[in-house]
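Structure first, commentary second.
The values are calculated or read from the model by the stated rules, or taken from the named source; none is laboratory data. Keep in mind it's a predicted model, so treat the numbers as computed, not measured. Please note: Cβ atoms are built from the backbone with ideal geometry, for glycine as well, and neighbour counts cover all protein chains shown.
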Amino acid sequence: MNFYELEAKKMNGQMIKMEQYKGNVVLVVNTASKCGLTPQFKELEELYQTYHSKGLEILGFPCNQFAKQDSGSNQEIQEFCQLNYGVTFNMFEKIEVNGAHAHPIYRYLKQEVKGLFGSEIKWNFTKFLIDRDGNVIKRYAPTVKPSKIANDIEKLLLK
């Protein structure tokens, strides 16, 4: 199994195969609308605006597993992200990232790169950076601001 064999549903219900992102650097993030880290949407969008034309894709996956901080519908979540943070990067339907019903993308990512305390996602805004060949390069803790990832993204975009 590799990243490009996986798929997920966008907010509009359209099924997207990850192979569509082949050749791009991809940042995958589990998001939440009512979290202390929610302002990271602003920096994620800034990264996207800065690097998208050079080959960066950001994939947001809302998740309600941490203190029920994304309890809205997919439509409510999408509207919140667009109205409050101007999000234009790809947002997918709400998923689970841990447990028996964890989305296959997250089962794969967690298997590829473990966190400090094991494979489980500990909180909202855990980030995974994937290179142009689909290799999961690095996992970032929720508190790592997206702007702090810019150097790693730039290095991968130059390859």
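Among the residues of region 51-62, the ones that are over 14 Å from Ile149 (Cβ atoms) and surrounded by fewer than 20 Cβ atoms within 10 Å (Cβ to Cβ) come to 4 in all.
Total residues in region 103-159 satisfying the condition of being closer than 27 Å to Ser53 by Cα and of a type in the set (Gly, Ala, Ser): the figure is 4.
Quick one: in region 84-109, of everything that is among the hydrophobic types (A, V, I, L, M, F, W, C) and not in a helix (DSSP H, G or I), which residue is farthest from the chain's Cα centre (by Cα)?
Within region 84-109, the subset among the hydrophobic types (A, V, I, L, M, F, W, C) is 87, 89, 91-92, 95, 97, 100, 102, 105, 109.
With the extra rule that they be not in a helix (DSSP H, G or I), the set shrinks to 87, 89, 91-92, 95, 97, 100, 102.
On the way: Val87: 13, Phe89: 10, Met91: 8, Phe92: 9, Ile95: 11, Val97: 11, Ala100: 20, Ala102: 14 Å.
Restricting to residues being among the hydrophobic types (A, V, I, L, M, F, W, C) and not in a helix (DSSP H, G or I), the top hit is Ala100.
If you filter region 12-57 down to residues that are among the β-branched types (Val, Ile, Thr) and within 15 Å of the chain's Cα centre (by Cα), you find that the one that is nearest to Asn84 (Cα to Cα) is Thr38. Name the residues in region 62-99 that are among the aliphatic types (A, V, I, L, M) and modelled with pLDDT of 95 or more, would you? If the condition is that a residue be among the aliphatic types (A, V, I, L, M) and modelled with pLDDT of 95 or more, then Val87, Met91, Ile95, Val97 are the ones that fit.
With the structure loaded, tell me whether Glu19 is assigned to a helix (DSSP H, G or I), in contact with a Gly (Cβ under 7 Å, 6 or more places away or on another chain) and either modelled with pLDDT of 95 or more or hydroxyl-bearing (Ser, Thr, Tyr) (or both) or whether it fails that test. When the stated conditions are applied, Glu19 does not pass them. For region 64-83, a residue qualifies if it is outside any helix (DSSP H, G or I) and of a type outside the set (S, T, N, Q), and the qualifying residues are Phe66, Ala67, Lys68, Asp70, Gly72. Considering (1) in contact (Cβ under 8 Å) with a residue 60 or more places away in the chain; (2) surrounded by fewer than 20 Cβ atoms within 10 Å (Cβ to Cβ); (3) in contact with a Ser or Thr (Cβ under 8 Å, 6 or more places away or on another chain), the lone condition that Ile77 does not fulfil carries the number (2). Here region 96-109 is the region considered, the condition is being out of contact with any helix residue (DSSP H, G or I) (no Cβ under 7 Å at 6 or more places or on another chain) and among the hydrophobic types (A, V, I, L, M, F, W, C), and the residue that is surrounded by the most Cβ atoms within 10 Å (Cβ to Cβ) is Leu109.
Within this structure, Tyr48 passes the test of being buried (at least 16 other Cβ atoms within 10 Å of the Cβ), touching a strand residue (DSSP E or B) at 6+ places or on another chain (Cβ under 7 Å), at pLDDT 95 or above and not in a loop (DSSP other than H, G, I, E, B). Scanning region 110-124 for residues that are modelled with pLDDT under 85, surrounded by 11 or more Cβ atoms within 10 Å (Cβ to Cβ) and either assigned to a loop (DSSP other than H, G, I, E, B) or of a type in the set (Asp, Glu) (or both) yields a count of 1. Please verify whether Lys9 is under 14 Å from the mean Cα position of the chain (by Cα), crowded, with 16+ Cβ neighbours inside 10 Å and of a type outside the set (A, V, I, L, M), treating the condition exactly as stated. For Lys9, the condition - under 14 Å from the mean Cα position of the chain (by Cα), crowded, with 16+ Cβ neighbours inside 10 Å and of a type outside the set (A, V, I, L, M) - is not met. Would region 110-126 turn up any residue that is touching a residue at least 60 places away in the same chain (Cβ under 8 Å) and in contact with a Ser or Thr (Cβ under 7 Å, 6 or more places away or on another chain)? Yes.
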